[in-house]
Amino acid sequence: MKLINDLLHLVYPNQCLVCEKELAVSEKQICVFCNDAISLTNFHLLTEESSMDKLFWGRIKIQKTYAHFFFEKNKASQNILFSIKYKDNPSLATYFGRELGENLTKIEELKSVDVVFPVPLHPKKKFIRGYNQSDALAKGICETFERKLDVKSVIRTKHSETQTKKSRFQRWDNVSEIFKISSSISSYKHAVIVDDVITTGSTIEAMTNAIRKVHPDVLISVVTLAIAK
């Protein structure tokens with residue numbers, strides 16, 4: 001079997017999903033150099049509030065937050081996010097989603113989670129990109145975190161402009177009133193909202209407020225692949 005795998009590797013070499021260099025036989029999905037260049041948050045090991053928890057203080061009530069790594073310009077984390085968001089790389093998103101999910105199983109405050117909501121894209125933007133990166137992340141999360149994935153109960157009804165280079169107020173104004181929520185969410189007790197990266201938290205805040213208009217008592221937690229330092 002090992003001989004067959006070695007021969008397949010010679011004929012069809014696997015590439016790192018981040019830098020696209022050839023992987024060694026012992027490497028999976030991502031090369032050791034890209035893996036080592038990622039600044040993990042280790043939020044799941046903290047006993048006190050994280051910087052991501054504090055981001056929502058005084059704005060909305062969030063049960064728990066988690067981000068897998070810190071976003072750093074011109075480093076591996078930026079390459080990962082760019083590849084996931086703009087280079088049609090759902091396999092990379094799902095790979096990291098599985099890693100995320102494994103860490104979520106270690107967080108006591110998330111034991112009661114019964115559903116995962118990826119932040120939806122407007123159909124126009126989803127058509128242009130080819131897929132929703134948050135869907136792919138959430139799919140990977142649910143493979144290891146073993147919770148229900150719901151991609152139908154939260155719909156994006158407004159094609160908002162990109163959030164890049166907007167102020168916090170402009171970001172909020174850009175995403176307010178853009179989500180339509182199905183009454184079916186009333187059966188859930190604790191939901192996790194999944195996005196690729198969090199900066200000001202305006203999109204998460206808008207989505208949380210929209211969900212709570214339909215289901216005021218639901219607990220909401222937030223999980224992202226990255227958080228801006």
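The values are calculated or read from the model by the stated rules, or taken from the named source; none is laboratory data. All values derive from a computational prediction rather than experimental measurement. Heads up, the Cβs are rebuilt from the backbone with ideal geometry, glycines too, and the neighbour counts pull from every protein chain shown.
Scanning the range 111-150 for residues that are among the small types (Gly, Ala, Ser) and at pLDDT below 95 yields a count of 1. Could you check the range 183-229 and list, in sequence order, the residues that are outside any strand (DSSP E or B) and of a type in the set (Asp, Glu)? Selection gives GLU205, ASP217.
Looking only at the range 100-142, filter to residues that are at negative phi and of a type in the set (Gly, Ala, Ser); which one of those is surrounded by the most Cβ atoms within 10 Å (Cβ to Cβ)? In this case the residue turns out to be ALA138.
Among the residues examined, ALA136 qualifies as within 23 Å of ARG156 (Cα to Cα) and hydrophobic (A, V, I, L, M, F, W, C). In the range 179-196, of all residues being crowded, with 17+ Cβ neighbours inside 10 Å and out of contact with any Lys or Arg (no Cβ under 8 Å at 6 or more places or on another chain), the one that is farthest from LYS148 (Cα to Cα) corresponds to ASP195.
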